[in-house]
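Working notes, structure below.
The values are calculated or read from the model by the stated rules, or taken from the named source; none is laboratory data. All of these numbers come straight from a predicted model, not from anything done at the bench. Please note: Cβ atoms are built from the backbone with ideal geometry, for glycine as well, and neighbour counts cover all protein chains shown.
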Amino acid sequence: MRFLFTSLTSYGSLGPAISVALELRKRGHEVAFATGPTMSPLLERVGLRRIPRGKEDGPSFVVERTANPLEQARQVKHIEYALTEFPADVLVGQAMAFGAVLAGARHQIPSAVIGLAASILPTDAMLERMSPEFRAYQVHRLAGTLPYDEFLKDRYARLMESYDLGSEMFWLPKRDVPSSQSPLLGDLHLLQTVEELEGPLDVLPEVTHLVGSLGWDFIEPNPELEQWLTEARASGEPILYAQPGRVFNSPGFWEELRDALGDKPIRVAASTGRLDRDVGRVPANFFVRPHVPQATVLPFAQGIISSSTTAAVLGALTHGLPLFLIPGGGGGEQSDLTLRCLAAGVAVHVRPEDVTVARLGEQVEALRDNASLRHHARRLQHAFAQAPGSAGAASLLERLAVERRPILRTRTQPLAHELL
């Protein structure tokens, strides 16, 4: 069978797709990718084929334009060109990038969506059973702040508006259905989490399957990083991993992090490829590169400082590490993940607007010294270790290719880990 994967142009988006694609290839299936040319070098290193946008290649699946209707149209056109070279049995897309589900509907090809580490769709059941703590959490936006439940509904309305505009461009009928049957999820939604973090399954759409982490990190020899780690470990000083991602319409925390931890008896490995400002001065105790592989650093780290993205949170929890979360703005999963991590007892938290050098220093101390955080992080590490992962995701995709209909999560059907 043939599986055509799509990916936004970021390591965090491409990694899970590569992980599942490699599992399918190991089982004898054919796989290919439609994504932007900036992702070609990484795909080439693992022997995976990228199909260009057309006879003349160019930007596509641009992460900065996620959910823009014109970008969705460009994604569809890229997929349609790819299908002329690689007639796929299944299209595999990603959360908030609708090209795969739109192209699937246009060409009657089953589509799957690799999700984030938290569900971002506000089903009626989810809203009805939401805890007061979640409901009261204030999410910062350009137009002001909203309580979390209202933010969920507003974000979903905006995503559906973009999807409907994309549908209209390609003469697809508008689907007026509840969010529990959202077309944004395709025929199969692979949510990268576990019940211990996400919460009850019965509030999720029926096509949503919890598969755990699909994380994948390309590791190649890096003498500079290896030397830094050797010296850091020999020093006996604690090691932290920092991922100060894009903050969109919220204040950032990179400068405060440098000032709070710079030249202190602590070592910080910082992955700054998604930072939307200059790195500036790098303290002597920091190792800063656009991409610092989690798999190299996290086995020796005491915790992660992050803007609360899927890649960073999954990296921490699969290594049993607590988190210090400063959620970025925009409409991504940052607030959703922050709330779930706080509820699970695996994180400390500062709102972006409350960031100061002193507050950062205090929370880093809490991150290192709080035994309860480490206990709960190890509990979730065990839960993720029992999850089906890429093998379970591949099995569900195989079912989708054969059955060519939505793969529902029902009481009478096996869960993903039971397919292995």
Unique residue being assigned to a helix (DSSP H, G or I) and surrounded by fewer than 24 Cβ atoms within 10 Å (Cβ to Cβ) when the list is Leu43, Leu48: Leu43
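Residue-by-condition table, conditions (1) surrounded by fewer than 22 Cβ atoms within 10 Å (Cβ to Cβ); (2) in contact with a helix residue (DSSP H, G or I) (Cβ under 7 Å, 6 or more places away or on another chain); (3) part of a strand (DSSP E or B); (4) free of Cβ contacts under 8 Å to residues at least 40 places away in the same chain:
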position: Thr9; (1), (2), (3), (4): yes, yes, no, no
position: Val20; (1), (2), (3), (4): no, yes, no, no
position: Thr38; (1), (2), (3), (4): yes, no, no, yes
position: Gly54; (1), (2), (3), (4): yes, yes, no, yes
position: Gln72; (1), (2), (3), (4): no, yes, no, no
position: Glu80; (1), (2), (3), (4): yes, yes, no, yes
position: Ala88; (1), (2), (3), (4): no, no, no, no
position: Val101; (1), (2), (3), (4): no, yes, no, no
Is it fair to say Asp369 is under 17 Å from Gln192 (Cβ atoms) and either touching a residue at least 24 places away in the same chain (Cβ under 8 Å) or more than 23 Å from the chain's Cα centre (by Cα) (or both)? no
Go through the stretch 106-219 and tell me which strands (runs of 3 or more DSSP E), entirely inside it, have 3 or more residues that are in contact with a Lys or Arg (Cβ under 9 Å, 6 or more places away or on another chain) and over 17 Å from Gly332 (Cα atoms). 208-210
Could you tell me which of the residues Gly252, Gly273, Gly280, Gly245 is among the small types (Gly, Ala, Ser), modelled with pLDDT under 95, assigned by TED's automatic domain parsing to the domain that holds Ala316 and closer than 16 Å to Gly361 by Cα? Gly252
Which condition number in (1) surrounded by fewer than 21 Cβ atoms within 10 Å (Cβ to Cβ); (2) at pLDDT 95 or above is the one that Arg65 fails? (2)
Considering (1) in contact (Cβ under 8 Å) with a residue 60 or more places away in the chain; (2) in contact with a strand residue (DSSP E or B) (Cβ under 6 Å, 6 or more places away or on another chain), say which one Ala383 fails and leave the rest. (2)
Among residues of the stretch 220-240 being in a loop (DSSP other than H, G, I, E, B) and closer than 30 Å to Ser13 by Cα, the residue modelled with the lowest pLDDT is Glu220
Gly262 is checked against (1) within 27 Å of His382 (Cβ to Cβ); (2) more than 21 Å from the chain's Cα centre (by Cα) and fails just one. What number does that condition carry? (1)
Restricting attention to the stretch 318-334, which residues are of a type in the set (S, T, N, Q) and modelled with pLDDT of 95 or more? Thr318
Count of residues meeting criterion [crowded, with 21+ Cβ neighbours inside 10 Å, within 30 Å of Ala88 (Cα to Cα) and not β-branched (Val, Ile, Thr)] in the stretch 106-152: 9
